[in-house]
């Protein structure tokens, strides 16, 4: 899942979401424990204020779509391994529906 989280970091950098990207970089450079905790955190998959909820929102749908696509790939891997937050599946389902419907 490190590769998928690195992909999220890259798209955040490309989108100018530097605070979230730097937070992810610190996690990637940190301990395995911190990495595992972040994957199931509300900071990543929670509601208001989370990366899933807010990253790229102010920059329009094209930017947001690329972030959502990276989060879908990460979330799918997490679902496959059972390393999930209570909201991971919900976010993946919503993002997938939006991608499919062109929203």
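Measure out, as a whole number of angstrom, how far apart the alpha-carbon centroids of segment 1-26 and segment 53-103 sit. What the calculation gives is 14 Å, centre to centre. Under the criterion of Cα pairs below 8 Å and six or more residues apart, the relative contact order for the chain equals 27 percent.
Once you treat every alpha carbon in the chain as an equal point and sum by Debye, what is log10 I(q)/I(0) at q = 0.15, 0.16, 0.23 Å⁻¹? Cα-only, vacuum Debye calculation for the chain: -0.53, -0.61, -1.34.
When 40, 57, 8 are arranged by Cβ crowding within 10 Å, least crowded first, meaning fewest neighbours, the order is 57, 40, 8. From the square roots a ≥ b ≥ c of the eigenvalues of the alpha-carbon gyration tensor of segment 10-63, which class results: rounded (a/c under 1.5), prolate (a/b over b/c), or oblate? Cα axes put segment 10-63 in the oblate bin.
Here the simple spin-label model places points 7 Å from the Cα toward Cβ, and for residue 40 and residue 59 these points are separated by 3.0 nm.
A helix-only calculation puts the chain at -22000 deg cm²/dmol for mean residue ellipticity at 222 nm, using -39500 (n - 2.57) for each DSSP H run of at least four residues, averaged over all residues.
For the peptides 77-86, 41-50, the ranking by mean Cβ contacts within 10 Å, running from highest to lowest, is 41-50, 77-86.
No value in this document is a laboratory result; all are computed from the given coordinates. Source: prediction; values computed, not measured. For neighbour counting, all protein chains shown are included, and Cβ atoms are generated from backbone atoms with ideal geometry for every residue, glycine included.
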